[in-house]
1. Taking the stated definitions as given, is residue 302 modelled with pLDDT of 95 or more and more than 25 Å from residue 219 (Cα to Cα)?
2. Just checking, does region 121-130 include any residue being assigned to a helix (DSSP H, G or I), surrounded by 22 or more Cβ atoms within 10 Å (Cβ to Cβ) and assigned by TED's automatic domain parsing to the domain that holds residue 202?
3. If you go through region 149-175, how many residues are without any contact (Cβ under 8 Å) to a residue 60 or more places away in the chain and within 17 Å of residue 337 (Cα to Cα)?
4. Among the candidates 229, 249, single out the residue that is at pLDDT 95 or above and surrounded by 14 or more Cβ atoms within 10 Å (Cβ to Cβ).
5. Output the number of residues of region 96-128 satisfying the condition of being within 8 Å of the ligand (Cβ to nearest atom) and within 23 Å of residue 44 (Cα to Cα).
6. Hey, does region 188-197 have a residue that's under 22 Å from residue 118 (Cβ atoms) and in contact with a helix residue (DSSP H, G or I) (Cβ under 6 Å, 6 or more places away or on another chain)?
7. I'm trying to understand the selection: among the residues of region 150-176, which are within 9 Å of the ligand (Cβ to nearest atom) and out of contact with any strand residue (DSSP E or B) (no Cβ under 9 Å at 6 or more places or on another chain)?
8. Applying the selection to region 41-50, what residues are near the ligand (Cβ under 8 Å from one of its atoms) and touching a helix residue (DSSP H, G or I) at 6+ places or on another chain (Cβ under 9 Å)?
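The values are calculated or read from the model by the stated rules, or taken from the named source; none is laboratory data. Because the structure is predicted, anything quoted here is derived from the model rather than measured. Note that each Cβ is placed from the backbone with ideal geometry, even for glycine, and that neighbours are counted across all protein chains shown.
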Ligand SMILES: C[S@@+](CC[C@H](N)C(=O)[O-])C[C@H]1O[C@@H](n2cnc3c(N)ncnc32)[C@H](O)[C@@H]1O
């Protein structure tokens, strides 16, 4: 564990010191930022990029190479639950050999590699974060799947690919980073051939979220600030945006609400009832990591500012876990949409 921890933020992109970057992130986009979502939406490229440069090592350390949640059955491993969530997308899109798909906001490529291996489809990963994309490309080669994976370093609001160049598109917990839903869904619409399908796991507030409740608002702000989310949407806003850009909405439902009895998506962040293998993401494990980083930062083993990034993520994780427990937020509002022929 110590060896991996000591590597955190050693190779972070950009060049500016970590302490300056986290300071800038907090000042511009923190909960107290004067215009809240305004700055996060207006500067979304900088907002997302500086965040992911800072947090990618933490995500890989505490979670793995698939940066998303999943519902988990009682006797299912964490890794199997993530893969099942990814296979669900592939199945609903009908992906198979000879098809071309695009992954909007592909992270370090965990889901893309799994879906390409599972389906045999050729997939293009889109990401505006160079650090993540470089790791994704390397891993697809290491996995022997380079022939099924292409990588595009660009904004998913403006993808460098011709109209109608894909049979299918998907986005896993990434369109939540878009400054506006219609912008990212319209880009998916443009990229799809007529009859092509889009499948998305979207972040949403549920019907239980009460805007008048200061506790709920505090949790929303914590998730947005610590998760680089401009403004978490509601399901009806998502549905309207999908239809407004021209899609037929085939299906839309909250998979968290209908998950069979088991381990809810937020449990790895909360911590009880977990295997030793998941201890790093739990509340106790995060406290241990935070304390170790504090020491390593003082010993100058990790860059100055690393503990502050850890604090930001810990706060976001607590807010996510609490919002999940209260049922006011879901990271798996699933929709399937079709571009008319
Ligand atoms: C929570 S991560 C999910 C990554 C991946 N889908 C997964 O499940 O592992 C969100 C991803 O969206 C990417 N992203 C955010 N805004 C973006 C934008 N405007 N254009 C392209 N990618 C973006 C981030 O760099 C990050 O890789």
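1. Numbers: modelled with pLDDT of 95 or more: no; more than 25 Å from residue 219 (Cα to Cα): yes.
Considered against the rule, which asks whether it is modelled with pLDDT of 95 or more and more than 25 Å from residue 219 (Cα to Cα), residue 302 comes out as no.
2. Filtering region 121-130 down to residues assigned to a helix (DSSP H, G or I) leaves 130.
Imposing the further condition that a residue be surrounded by 22 or more Cβ atoms within 10 Å (Cβ to Cβ) reduces the set to none.
Looking for residues that are assigned to a helix (DSSP H, G or I), surrounded by 22 or more Cβ atoms within 10 Å (Cβ to Cβ) and assigned by TED's automatic domain parsing to the domain that holds residue 202, one finds none in region 121-130, hence no.
3. The qualifying residues number 1.
4. Numbers: 229 fails: at pLDDT 95 or above.
It is 249.
5. 10
6. Yes, the conditions are met somewhere in region 188-197.
7. 157, 158
8. Going through region 41-50, the residues near the ligand (Cβ under 8 Å from one of its atoms) turn out to be 44-45, 48-49.
Selection gives 44, 48, 49.
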